[in-house]
């Protein structure tokens, strides 16, 4: 074909310019603003303010997202493992049908579901009371940082489990059969044969979830908008109530660093 | 595991997965529900009529949402079809870097970027306009559009394109009559992804769309914060329908041969 080598860059340019203008430029803008004093000039003041006011929320963001990531990892390993090693075909089919439900549900909708489900007199506690597990006066609501974790795990587990189950299904069955013939338990096969082999897929899924959870505003706002909450809520608050871009961008910078640390951990693993 | 143990585990799992959804459906059907009643006191369609009344807020928001989502799809495809074809077929320096550039909007915590887009848009008077919101949604959706479109073009049999060229078809004609129709299912899949992303998007619209552009997720959020749980639940159900429906058919458009080339 007559490919002069100019057509390719020309066809990609419009889309690439769009990303440069509407993502890379604002990103650079946020990095600069984070270190800029109100009247101009370089400062660390925004970070001092961010830590002074929001160090609790910065910590809680790490705890919430870190704990959610851990629980998502465990749940998706369990689901993927059962789908691969389960011996009862009907149970496997049931699980396959059941676990995917929250996959495509928007975060706002997930938050609204949980806002009613986890409330002190929501369906969860009502069911416990009806089953006689709890008395009415023993119930507590989960609409605080725990509710955020529950919502994140509920929403993101299907995504990671889908990737993990797919990776497990494409593994060579013969090593599994060999281990089984040698008398290995299914739990041992899961953690010593399956999980090490699907680790790259698992980690990619977890990192994507980590970044997604770091940027969700609706869930913390709707489940628990009061301190301690997540940095996204604080950023929105600084902007909407004070027009304080310096502190908001300092918080944004800290959230980039958390994500970068997470990505660095992944790259270090994959290079080794 | 005995069947009793299995039953308990699956029952618990079903409760965790479906319980929150069941609560949403109950709220959508409830007319009155207050403590200490475990189930709604009365059911009815009063709130449905309120939500769907002609020229009501919800219907207007639904229209806004659909209009923004369709425009976003059009913008994404207009940008992604040439880019995807170039990535799949043409000589391109720094190909991997370009592919990764489209992933960037999904690889950074986006909220901090959105607040700065809103600030930049302020100078261009784009805040509170549909066009501004469409721009934000387009950048966010481009990764799906470009990656899946590139994979769809890469999965087209190269021999068919060469045959068309040998028979005397021009490069453009070959593209329009061979490559594009063969890649159409994959392009359709990317359009569906972009549509859903735009329909469900909250954070970007929250900062760029205020105060005039109120999409369905924003309306739902406002109703929920104000304590109108019936309205919020009904709006949430409306948002659920396309997500579930599209995903039931997505496997028809996104075949394994395309899927295996995504990001490659």
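Every number in this text was worked out from the coordinates using simple rules, so none of it is lab data. This one's a predicted model, so the numbers in the text were calculated from it and none came from an experiment. Positions of Cβ are generated from backbone atoms using ideal geometry, with glycine treated the same way; all protein chains shown enter the neighbour counts.
Quick notes
- Annotation: peptides A:178-185, B:44-51, ranked by per-residue average of other Cβ atoms within 10 Å with the highest first, follow the order B:44-51, A:178-185.
- The ranking of B:27, A:145 by Cβ neighbour count inside 10 Å, starting from the fewest, reads A:145, B:27.
- The angle between the Cα long axis of helix B:57-89 and the main principal axis of chain B comes to about 20°, on a 0 to 90 degree scale.
- Per residue of B:13-19, other chain Cβ atoms within 10 Å of the residue Cβ number 6 on average.
- Nearest-ten-degree value, helix B:180-200 long axis tilted from longest Cα axis of chain B: 30
- Relative contact order for chain B, counting Cα pairs under 8 Å that sit 6 or more residues apart, in percent: 27
- Each peptide in B:65-75, A:17-27, B:215-225 gets a packing score, the mean of other Cβ atoms within 10 Å over its residues, and the list from highest to lowest is B:215-225, B:65-75, A:17-27.
- Put in order of Cβ neighbour count within 10 Å, fewest first, the listed residues B:190, B:42, A:224, B:198 become B:42, A:224, B:198, B:190.
- Sorting the segments B:106-112, A:41-47 by their mean number of nearby beta carbons within 10 angstrom, highest to lowest, gives B:106-112, A:41-47.
- Highest-fluctuation residue, B:43, B:34, B:229 considered, GNM on chain B with Cα pairs under 10 Å: B:34
- Helix B:95-107 and the long axis of chain B differ in direction by around 10°, with both axes built from C-alpha atoms.
- Gaussian network model of chain A, Cα within-10 Å springs - most flexible of A:213, A:231, A:168: A:168
- Solvent-free Debye scattering, log10 I(q)/I(0), computed from the Cα coordinates of the protein assembly as shown at q = 0.06, 0.07, 0.09, 0.13 Å⁻¹: -0.32, -0.44, -0.73, -1.45
- Residue-averaged beta-carbon neighbours from other chains (10 angstrom radius) around B:37-50: 1
- Of B:152, B:58, B:29, the residue with the greatest mean-square motion in the GNM of chain B, using alpha carbon springs below 10 Å, is B:29.
- Each residue in B:53, A:49 was given a count of other beta-carbon atoms within 10 angstrom of its own, and listing them fewest first yields B:53, A:49.
- Shape call, region A:46-271: gyration tensor on alpha carbons, a/c limit 1.5: oblate
- Once both labels are positioned 7 Å from their Cα atoms along Cα-to-Cβ, the gap between residue A:257 and residue A:131 label points is 4.4 nm.
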